[in-house]
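Data first, discussion second: the structure below is written as structure tokens.
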Amino acid sequence: MEALVLTGIKSLELQDLKQPEVKPNEVKIHTAFAGICGTDHALYAGLPGSAPAVPPIVLGHENSGVVAEIGSAVTNVKVGDRVTVDPNIYCGQCKFCRTGRPELCENLSAVGVTRDGGFEEYFTAPASVVYPIPDNVSLKSAAVVEPISCAVHGIQLLKVTPYQKALVIGDGFMGELFVQLLQAYGIHQVDLAGIVDEKLAMNKEKFGAKNIYNTMKGDKIPDAEYDVVIEAVGMPQTQEAAIEAAARGGQVLMFGVGGPDAKFEMNTYEIFQKQLTIQGSFINPNAFEDSLALLSSGKLDVESLMSHELDYKTVDDFVNGKLGVVSKAVVKVGGEEA
């Protein structure tokens, strides 16, 4: 089978690999689509994701496909089912797993990070992380359930209620997801700050963002205005802006992934005086069912946010920045007919 293998730092090779064998508790999946995100950029550059990736490894932790084979102990799916995979596999034995915080697992492994993932025609995953897709959800949409679930987990860490005003900082794919998700969770006003006029306009006209701010063109985000602020960029200046935009009693979700050594400044008196909650968010525990339900309900439109559909040969161009501005890219491995 064809597989796109990370063989070293900034080195991807198309190889012919043997199909993986299925263990009793595993499912073999014929890949349809695999998404690419910032974590893949980091792994490609030799940086850690949710866990370190040691080459040679097949990336692709966002994926969808059709069950090709099941192990002897598998009961939750059958051959022919359309599925998606939560890549994160928890040990169940460390103190974090045993105290209801599996996302902080000390022995985390992940499909497409520590074991081969969706950038190959067939891959395997434990049955416990394989989820059937509702009939009205396409395989292309299902390939991005993992990033949806990360955003859902972030919202679940907050206290959200309809009266609140929310601001999303960042008009990349995750920021655009948050615009839709916050409204799906009942917040009555969601505003968006970003740097691309076309994206900002689409989120206002199509996805309900009330006010939009292009910070590259000097638009000023109101100070101390928002009950909920989602920082979905991961840069010091946007992290500082998130705190400044938060109102008294506000909650700031630091969702964007910053550099391992990045730091930002904040006024400690402002944190005290506003009584702010600053919340981090890591991966996606127990959020796949909600994410699939949101897709099935029609409250999320993810395919409108996908700007590029790639094949194996163009993945290298993407991670090297040769494709220009990309909102969201997915790799068509087998397609809907997989």
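The values are calculated or read from the model by the stated rules, or taken from the named source; none is laboratory data. Being a predicted model, the structure only gives us computed values, none of them experimental. Ideal geometry is used to build each Cβ from the backbone, glycine not excepted, and the neighbour counts take in all protein chains shown. Protein only, heavy atoms only, side chains kept; ligands, DNA and RNA dropped before computing areas. Shrake-Rupley method; radii C 1.70, N 1.55, O 1.52, S 1.80 Å.
Pairs under 6 Å by beta carbon, first residue modelled with pLDDT of 95 or more in the stretch 189-203, partner open to solvent by 30 Å² or more (accessible area, probe 1.4 Å) and assigned to a helix (DSSP H, G or I), six or more apart or different chains?
That search, which allows pairs on different chains as well, returns Val190/Gln183; Ala193/Thr215; Ile195/Met216.
Against the conditions (1) more than 20 Å from the chain's Cα centre (by Cα); (2) at pLDDT below 95; (3) open to solvent by less than 30 Å² (accessible area, probe 1.4 Å), where does Gly250 fall short? Just the number, please.
Here Gly250 meets the rest and fails (2).
Are any residues in the stretch 222-236 part of a loop (DSSP other than H, G, I, E, B) and either at pLDDT below 95 or charged (D, E, K, R) (or both), and if so, which ones? Reasoning before the result, please.
Filtering the stretch 222-236 for residues part of a loop (DSSP other than H, G, I, E, B) gives 222-225, 232-235.
Those that are part of a loop (DSSP other than H, G, I, E, B) and either at pLDDT below 95 or charged (D, E, K, R) (or both): Asp223, Glu225.
So which of Ala3, Ala73, Ala68, Ala34 is outside any strand (DSSP E or B), of a type outside the set (S, T, N, Q) and either touching a strand residue (DSSP E or B) at 6+ places or on another chain (Cβ under 9 Å) or without any contact (Cβ under 8 Å) to a residue 60 or more places away in the chain (or both)?
Values: Ala3 fails: outside any strand (DSSP E or B); Ala68 fails: outside any strand (DSSP E or B); Ala34 fails: outside any strand (DSSP E or B).
Step by step, each of Ala3, Ala73, Ala68, Ala34 is checked, and only Ala73 is outside any strand (DSSP E or B), of a type outside the set (S, T, N, Q) and either touching a strand residue (DSSP E or B) at 6+ places or on another chain (Cβ under 9 Å) or without any contact (Cβ under 8 Å) to a residue 60 or more places away in the chain (or both).
Go over the candidates Ser291, Ser327, Ser307 one by one and state the one that is under 24 Å from Phe119 (Cβ atoms) and in contact with a Leu (Cβ under 7 Å, 6 or more places away or on another chain).
Details: Ser291 fails: in contact with a Leu (Cβ under 7 Å, 6 or more places away or on another chain); Ser307 fails: in contact with a Leu (Cβ under 7 Å, 6 or more places away or on another chain).
Within the list Ser291, Ser327, Ser307, the selection yields Ser327.
The rows are residues; the columns are (1) among the polar types (S, T, N, Q); (2) part of a strand (DSSP E or B); (3) free of Cβ contacts under 8 Å to residues at least 40 places away in the same chain; (4) open to solvent by 10 Å² or more (accessible area, probe 1.4 Å).
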residue: Ala110; (1), (2), (3), (4): no, yes, no, no
residue: Ser128; (1), (2), (3), (4): yes, no, no, yes
residue: Lys140; (1), (2), (3), (4): no, no, no, yes
residue: Cys150; (1), (2), (3), (4): no, no, no, yes
residue: Gly154; (1), (2), (3), (4): no, no, no, no
residue: Pro162; (1), (2), (3), (4): no, no, yes, yes
residue: Met174; (1), (2), (3), (4): no, no, no, yes
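For Lys263, all conditions in the list (1) open to solvent by 50 Å² or more (accessible area, probe 1.4 Å); (2) under 24 Å from Gln164 (Cα atoms) hold save one; what is the number of the exception?
(2)
Taking the criterion of being open to solvent by 20 Å² or more (accessible area, probe 1.4 Å) and either at pLDDT 95 or above or farther than 25 Å from Lys10 by Cβ (or both), would at least one residue in the stretch 310-327 satisfy it?
For the stretch 310-327, residues open to solvent by 20 Å² or more (accessible area, probe 1.4 Å) and either at pLDDT 95 or above or farther than 25 Å from Lys10 by Cβ (or both): absent.
Does Ala53 satisfy being more than 22 Å from Cys105 (Cβ to Cβ), open to solvent by less than 40 Å² (accessible area, probe 1.4 Å) and of a type in the set (A, V, I, L, M)? If you could, list the steps in order and put the result at the bottom.
Numbers: more than 22 Å from Cys105 (Cβ to Cβ): no; open to solvent by less than 40 Å² (accessible area, probe 1.4 Å): yes; of a type in the set (A, V, I, L, M): yes.
It is false that Ala53 is more than 22 Å from Cys105 (Cβ to Cβ), open to solvent by less than 40 Å² (accessible area, probe 1.4 Å) and of a type in the set (A, V, I, L, M).
So Glu198 fits all but one of (1) open to solvent by less than 40 Å² (accessible area, probe 1.4 Å); (2) not in a loop (DSSP other than H, G, I, E, B); what number is the exception?
So the condition that Glu198 fails would be (1).
Can you spot a residue in the stretch 197-216 that is farther than 27 Å from Tyr163 by Cβ and touching a Leu at 6+ places or on another chain (Cβ under 8 Å)?
Scanning the stretch 197-216 turns up at least one residue that is farther than 27 Å from Tyr163 by Cβ and touching a Leu at 6+ places or on another chain (Cβ under 8 Å).
Could you count how many residues in the stretch 266-286 are open to solvent by less than 60 Å² (accessible area, probe 1.4 Å) and without any contact (Cβ under 8 Å) to a residue 60 or more places away in the chain? Working first, answer last.
Step one: of the stretch 266-286, the residues open to solvent by less than 60 Å² (accessible area, probe 1.4 Å) are 270-271, 274, 276, 279-281, 283-285.
Then keep just the ones that are without any contact (Cβ under 8 Å) to a residue 60 or more places away in the chain; that gives 270-271, 274, 276, 280.
The number of residues fulfilling the criteria is 5.
Could we say that Ser291 is modelled with pLDDT of 95 or more, among the small types (Gly, Ala, Ser) and over 17 Å from Cys37 (Cβ atoms) here?
Numbers: modelled with pLDDT of 95 or more: yes; among the small types (Gly, Ala, Ser): yes; over 17 Å from Cys37 (Cβ atoms): no.
When the stated conditions are applied, Ser291 does not pass them.
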